1. Which of the numbered conditions does PHE328 fail, given that it passes all the others? Conditions: (1) farther than 21 Å from ALA204 by Cα; (2) in contact with a Lys or Arg (Cβ under 7 Å, 6 or more places away or on another chain).
2. State which residue pairs qualify: first residue without any contact (Cβ under 8 Å) to a residue 12 or more places away in the chain and more than 18 Å from ALA333 (Cβ to Cβ) and inside the range 34-53, second residue of a type in the set (A, V, I, L, M, F, W, C) and within 16 Å of the ligand (Cβ to nearest atom) in any location, beta carbons under 8 Å apart, and separation of 6 or more residues or different chains.
3. Can you list residue pairs whose Cβ atoms sit under 9 Å apart, with the first residue in the range 292-305 being at pLDDT below 95 and the second being crowded, with 17+ Cβ neighbours inside 10 Å and assigned to a helix (DSSP H, G or I)? Count only pairs 6 or more apart in sequence or on different chains.
4. Here are some residues: PRO171, PRO130, PRO210. Which one is within 14 Å of the ligand (Cβ to nearest atom), within 19 Å of VAL259 (Cα to Cα), at pLDDT 95 or above and in contact with a Gly (Cβ under 9 Å, 6 or more places away or on another chain)?
5. Report yes if some residue within the range 291-314 is of a type in the set (Gly, Ala, Ser) and under 18 Å from SER205 (Cα atoms); otherwise report no.
6. Going by the structure shown, is ALA296 over 18 Å from PRO171 (Cβ atoms) and in contact with a Phe, Trp or Tyr (Cβ under 9 Å, 6 or more places away or on another chain)?
7. Would you please name the residue that is farthest from MET293 (Cα to Cα), looking only at residues in the range 210-234 that are within 17 Å of the chain's Cα centre (by Cα) and of a type in the set (Ser, Thr, Tyr)?
8. Would you point out which residue out of ALA7, ALA90 is part of a helix (DSSP H, G or I), within 30 Å of VAL146 (Cβ to Cβ), without any contact (Cβ under 8 Å) to a residue 12 or more places away in the chain and away from the ligand (no atom under 16 Å from the Cβ)?
Amino acid sequence: MTKAPLAAYPALRLRRLRQADWVRRLVRETVLTPADLIWSMVVHEGEGTIPVASMPGISRLSVKDCAAAAKEAKALGIPAIAVFPHIDGAKKDAAGTLALDPDGVVARAVKAMKDAAPEVGIMCDVALDPFTTHGHDGIIEGGKVVNDATIEQLVAQGLMQARAGCDILAPSDMMDGRCGALRRALEAEGLQDVMIMSYAAKYASAFYGPYREAIGSGKLGTGGVENPADKKTYQMDPANHAEALREVALDIAEGADMVMVKPGLPYLDIVRQVVDAFSLPTFAFQVSGEYAMLMAAAQNGWLDEDRAILESLGAFKRAGAAGIISYFAPRAARMLGA
Ligand code: PBG
């Protein structure tokens, strides 16, 4: 060993704790496990699987496949599944009437998954966009998404999902007062054990693009009624952070059990702020556009797919998230050696 003059030695050598795998594992501050994952899954009304072009590796699953996937989730140690419906365009209307259908694809998928694997939690989106011709999350009157009339429809949708056996209602619509209305309705109906995970800080983001293809969502600004070409009057401005804390505080006061920040990686600062400000389980949604970006780069050979998947999911844990909703869930769980 060469010796440097005494004054040149670093006072502290942080590299000492990085020199071997065993010590890196020993001092690791956060750990990602399959128990941190909620599997984001798309169900469709037909048979077989239909690949989603903008999300390589992701397909719309039949109800039967969803039931099989629920068993797989159990085997992989994934605690919960979030299910999103693809609806045939011909069945949609401006009010999203089909969102309330107790025999619809959401209800059937929930029942099939709970029958196949009762130990796996099932979460449903409460929002109208998969069911509306115009693709907005609510009801439109006079060219605007109206708050209170939308809430009535959302409550009916949420109750239908809860009666079908859904464990967690996840209102993703961003109407004011939806959590309180849902909570009151659940209590009144004797469904007090149903949990609410609110999309509390949900931003009007460009990163939801591939999801629109996945669920076959109507093109905003069209669909037979005059309507806005974006969701900026209800989803949050990406420039804001203090407002996110106000949204979370409101949803907690209204009876949300857990909250979510969405999208994920570009909003890790919001995850951290929410975790530091409130003592309740805070989740992040690694959305369709994040999935697509990572896969596109990996398919070009520009980054190591497996490492990038686990690093991105681990980043949410470091930011303080209780868990992550992700399309990578089964793949990640397999890599984590469940
Ligand atoms: C619907 C909803 C969206 C997503 C989840 N629920 C789209 C939107 O709000 O426009 C996005 C999911 C994803 O991009 O993976 N309210």
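The values are calculated or read from the model by the stated rules, or taken from the named source; none is laboratory data. Computed from a predicted structure; not experimentally measured. Neighbour counts are summed over all protein chains in view; Cβ atoms, including those assigned to glycine, are modelled from backbone coordinates with ideal geometry.
1. With (1) farther than 21 Å from ALA204 by Cα; (2) in contact with a Lys or Arg (Cβ under 7 Å, 6 or more places away or on another chain) applied to PHE328, the lone miss is (2).
2. That search, which allows pairs on different chains as well, returns PRO51/ILE58.
3. Note: no pairs meet the criteria.
4. PRO171
5. Filtering the range 291-314 down to residues of a type in the set (Gly, Ala, Ser) leaves 292, 296-298, 301, 308, 312, 314.
In the following step, the residues that additionally are under 18 Å from SER205 (Cα atoms) were identified as 292.
Yes: one or more hits.
6. Details: over 18 Å from PRO171 (Cβ atoms): yes; in contact with a Phe, Trp or Tyr (Cβ under 9 Å, 6 or more places away or on another chain): yes.
Yes, satisfied.
7. SER217
8. Working: ALA7 fails: within 30 Å of VAL146 (Cβ to Cβ).
ALA90 is the lone residue from the list that is part of a helix (DSSP H, G or I), within 30 Å of VAL146 (Cβ to Cβ), without any contact (Cβ under 8 Å) to a residue 12 or more places away in the chain and away from the ligand (no atom under 16 Å from the Cβ).
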